[in-house]
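The values are calculated or read from the model by the stated rules, or taken from the named source; none is laboratory data. As the structure is a computational prediction, the values presented were derived from the model and not from experiment. Here Cβ is always computed from backbone atoms with ideal geometry, including for glycine, and neighbour counts include all displayed protein chains.
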């Protein structure tokens, strides 16, 4: 089985996706919002691991990646 074939939903595996604060800012359209950018920058390593872990549980398609960031991360920024 080649690398491309082993990481499929059918085989029960997904490639791990790395999440960056820059991607979060882009997904939330926060680049011009200093208050939101400050909150994003304040996300801890544990927060980032939790976001990546939740994303990897969800699904590993790029379209879903951006929707996930838009929907999951704002709740974390509220607290």
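A quick yes/no check of all residues on (1) in a helix (DSSP H, G or I); (2) farther than 13 Å from residue 19 by Cα; (3) at pLDDT 85 or above:
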| position | (1), (2), (3) |
| --- | --- |
| 31 | no, yes, yes |
| 35 | yes, yes, yes |
| 47 | yes, no, yes |
| 50 | yes, no, yes |
| 55 | yes, no, no |
| 63 | yes, yes, no |
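Inside the range 1-29, can you point out the residues that are surrounded by 10 or more Cβ atoms within 10 Å (Cβ to Cβ), modelled with pLDDT under 90, assigned to a loop (DSSP other than H, G, I, E, B) and more than 11 Å from the chain's Cα centre (by Cα)?
Correct list: 7, 8, 9, 11, 13, 14, 15.
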